[in-house]
Structure formats: C-alpha cells, structure tokens
C-alpha cells in the first residue's frame with residue numbers, strides 16, 4: 001500500500017469523524033437541559049446624581065431549564081443582554097433579597113424556566129453625588145526632608161483651591177482646608193512638581209483639577225553653638241545673691257551659607273531674680289533676643305544655680 005493511498009484513507013476517516021461529531025453536537029443542542037449559569041446583570045440608576053461607593057454585583061447564579069441552543073448561547077454570553085435591575089431610590093437601600101430579584105429574572109429570561117436562584121442577596125452601596133470646594137494646604141512639618149535640609153520659602157500651590165466630587169458620606173466630612181500629603185521622601189533640593197490630592201482610591205471620588213503644582217525652596221542647615229554670658233536682672237545690688245556660673249551655650253540651626261555671620265553678642269540671655277525657684281535655688285536662662293532667621297534656638301543649660309552669700 002502506497003503513501004498516497006494511506007493518506008487518502010485518513011482523510012476519509014477524519015471527514016467521517018467530523019461529520020458524526022457535528023451530527024451529535026447539533027442533535028444534542030436540540031434537547032432540553034438543566035444548567036447552572038452565572039448570568040450578567042446591570043443596575044439602572046441616575047449616575048449623574050448618584051455614585052456607587054463599591055463595585056456593584058455583576059452576576060446572579062441561577063439554575064435554569066431550557067433548550068440546548070439557548071443554554072449554549074447564554075452560557076458563553078453570545079449576544080445575551082444582561083438582566084437590568086432598575087433602582088428607584090438606591091441611596092436609601094443597601095441590598096436586594098431573593099424574593100425581590102427572582103421576579104425580575106423570571107420576567108426577563110422568559111426563554112428559560114427558572115428552577116432555583118442561588119444568589120440570596122445582592123448588596124449595593126450607592127450614595128448621593130455631591131461636591132465641595134476646598135482650600136488646599138501643605139503641612140510643612142509633615143514634609144520629609146533630607147537630614148540637615150529645611151524649607152526656606154513659602155510653599156505655593158497652583159491652584160490653591162479644588163472641587164472634590166464624590167459620595168456625600170465622604171465629601172460632607174471634609175473640612176474647608178484640605179491638607180495634601182507629599183509622597184516625596186528625603187527632599188534635598190528645590191521642589192517643583194504636580195502632585196495628586198491624595199484622595200481615597202474608591203469609586204466615584206474625583207477632583208477638579210486632579211493635580212496641583214507645589215513649589216518651595218530648600219537649603220542645607222548647620223547646627224552651631226556659641227558661648228555667652230547671661231545678664232542678671234532684679235538681683236540685689238549688694239551682690240548677696242548671684243548666678244553661680246553665669247555662662248551658657250547657645251545652640252541653634254542656621255543656613256549653611258550664613259554660618260559665619262553670627263557672634264555671641266547677637267544673643268541676649270537673662271536670669272531674673274524674681275523667677276528663682278526657692279526649692280532648688282535655680283532660675284531659668286531665658287533667651288530674650290536672637291536673630292530672626294535662626295531655628296531651634298536654645299540655651300544649654302536651660303536653668304542655672306543661684307548662690308546666696
């Protein structure tokens with residue numbers, strides 16, 4: 001037997017098999033069956049004035065009886081329209097139960113006999129869609145700066161207002177001042193970026209505009225120390241009471257480029273006799289003057305011992 005004849009026989013066998021399979025398939029589709037399917041559903045409501053807080057259910061789980069052709073088509077959603085569920089007052093309800101759902105399904109799937117609805121409850125979370133105009137702010141103390149770097153200019157936001165849209169259960173809780181948190185870490189150079197408002201990532205919450213431009217300047221700072229003598233105020237003129245050691249260290253933070261511009265006489269520290277703590281014979285060292293552009297200014301120690309003659 002030659003190769004061409006063997007190939008010819010295989011073609012005959014294959015065609016016969018395909019013909020029998022096709023006949024069986026179409027014959028089977030002509031019968032009635034019971035079948036469990038997940039059928040698509042769609043909720044109808046006013047989406048201009050209402051918003052879904054959580055994703056709505058997309059399917060119902062049902063057991064049906066019907067012709068093979070109908071079951072085949074709807075099992076694979078070939079041209080099948082979803083079951084539509086109209087919600088008259090969705091903001092006032094949180095779920096639909098089986099007795100409510102079943103008549104809707106039965107009415108819309110009239111080509112099937114509905115044997116059982118496995119879906120017991122459809123949970124929905126829909127709220128009124130509202131808006132609020134807010135003033136945008138940045139909490140400078142919450143900005144993550146690199147070590148020894150500080151913000152040296154006002155923080156500007158463009159625009160400095162936004163309108164937030166979303167469910168009333170969220171929008172109504174917002175203050176008029178909305179704080180934006182920057183997601184940048186360890187900033188060590190001038191900041192000029194468009195940032196999101198940081199709204200919750202849930203359905204229906206948006207803002208106009210969606211981003212704002214945030215700008216500010218930064219510079220490196222050094223921590224310095226200077227020694228200085230304190231001034232005594234209201235002490236007895238006879239020197240019977242005096243500060244045991246009238247020297248303190250002034251510790252402060254200053255821009256690196258200005259570190260050479262400050263001296264001990266730029267500060268004034270006093271100890272007031274009227275503020276002496278009789279219990280331990282100490283009085284606070286009070287800084288009453290220092291240059292305006294210094295940060296974290298403190299006297300070490302912050303209280304001094306008093307000697308009585």
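Extension gain for residue 115-residue 97 works out to 4.8 nm (0.36 nm per residue, less the C-alpha to C-alpha distance). For the range 83-98, the residues whose backbone nitrogen is under 15 Å from a point 7 Å from the Cα of residue 128, taken along Cα to Cβ, are 89-93.
Based on the Cβ-Cβ distance of residue 190 and residue 244, what FRET efficiency does E = 1/(1 + (r/R0)^6) give at R0 = 35 Å, to the nearest 0.05?
Working: r = 48 Å, r/R0 = 1.38.
That pair, residue 190 with residue 244, gives E of 0.10.
Once the Cα-Cα distance is subtracted from the 0.36 nm per residue extended length, the residue 142 to residue 46 segment shows a gain of 30.5 nm.
Working out 0.36 nm times the residue gap between residue 153 and residue 181, then minus their Cα-Cα distance, what length gain in nm do you get to one decimal? Before the final figure, lay out the partial values.
Numbers: separation 28, 0.36 × 28 = 10.08 nm, distance 1.78 nm.
My answer for the length gained is 8.3 nm.
Note on the range 221-308: Kirkwood hydrodynamic radius from all Cα pairs is 13.7 Å, rounded to one decimal.
Over every Cα atom in the range 130-216, the radius of gyration and the widest Cα-Cα span, Dmax, amount to 13.9, 44 Å.
Between residue 160 and residue 260, the C-beta separation translates, for a Förster distance of 35 Å, into a calculated FRET efficiency of about 0.40. The simple spin-label model puts a point 7 Å past each Cα toward its Cβ; for residue 54 and residue 202 those points are separated by 1.0 nm. Residues of the range 221-242 with backbone nitrogen within less than 17 Å of a virtual label 7 Å along the Cα-to-Cβ line of residue 253, please, listed as ranges. Taking a point 7 Å out along Cα→Cβ of residue 253, the residues of the range 221-242 whose backbone N falls under 17 Å are 221-226.
Any read-out appearing in this document is the output of simple, stated calculations on the displayed coordinates, not a laboratory observation. Source: prediction; values computed, not measured. Because the Cβ atoms are built from the backbone with ideal geometry, glycine has one as well, and the counts that use them run over all protein chains shown.
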